[in-house]
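Bear in mind that the values in this text are calculations on the coordinates, not laboratory data. Computed from a predicted structure; not experimentally measured. Because the Cβ atoms are built from the backbone with ideal geometry, glycine has one as well, and the counts that use them run over all protein chains shown.
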Amino acid sequence: MPNSRPKAMKNWAELQRSITPMIAGEGERIPWTWYHRQAYVDNTTTQLTFFNATGVLTTTNMQAAGQIPAPMFYDVYHIGIWIDQIAFATQYVDVQGLLDSIVTLQVAQKVYFQAPAWMLPPGGGVDGQTAIATDSTARNGVADLRNRYAFWGDITIPHNQNFSVVMDWAGAVNIAANVDIVCVLDGYLYRRVL
């Protein structure tokens, strides 16, 4: 979602209009985050495809595999890649190896965005250090909501149209252990008010 604050407080009529449709079947626009968690298997994985499955909320909040159900539309504002907290001695090398990939956003089998994963900080997650002096953490960027790659709504995903985010590695990365990677799309969901 855009990193902005309202300039003025809404009055009662504006609040009523924002929650009550003026016409039957009129749509609403709400801030929404789509996310999908997958496991990177040590020394095996060369590609992960996100948003291609449904599941429990701890894994994904997709309602249909690879698409947004009708009659919804989704404006993508931000994309982020979060690598689950890596707690082993080779973490800096391992995070660098995992970020040495290419991320592609596709809608209707067309590429709408492609960039190295290191350009896509997640804008959140665990931050800080442990109490053990010899331990430290490696992560993809600072845990701050302002630290995300922004499209500013220029990519719209229509309903019933397939889309995915794919991470590709040139070869399998040899890391100390399997790790979860989460892809996040932030934006606005347009849906009909019933």
Taking W118, W32 and counting other beta carbon atoms within 10 angstrom, the fewest-first order is W118, W32
Once amide hydrogens are built 1.01 Å from N within the peptide plane, the residues lying 5 or more places from M62 or on another chain with amide H under 5 Å from its amide H are Y35, G55
Computed from the beta carbon distance with a Förster radius of 30 Å, FRET efficiency for M119 and W12 to the nearest 0.05 stands at 0.10
Cα-based Rg/(2.2 N^0.38 Å) for segment 142-194, rounded to two decimals, is 1.62
Residues meeting the amide H criterion for I175 (H placed from the backbone, H to H distance under 5 Å, 5 or more places apart or on another chain) are N43
For T58 and T156, extending 7 Å from Cα along the Cα-Cβ vector and measuring point to point gives, in nm, a value of 3.8
Extension length gain for A65 and Y112 (0.36 nm per residue less Cα distance), in nm, is 15.0 nm
Under the 7 Å Cα-to-Cβ spin-label approximation, D84 and E28 lie apart by a distance in nanometres of 3.4
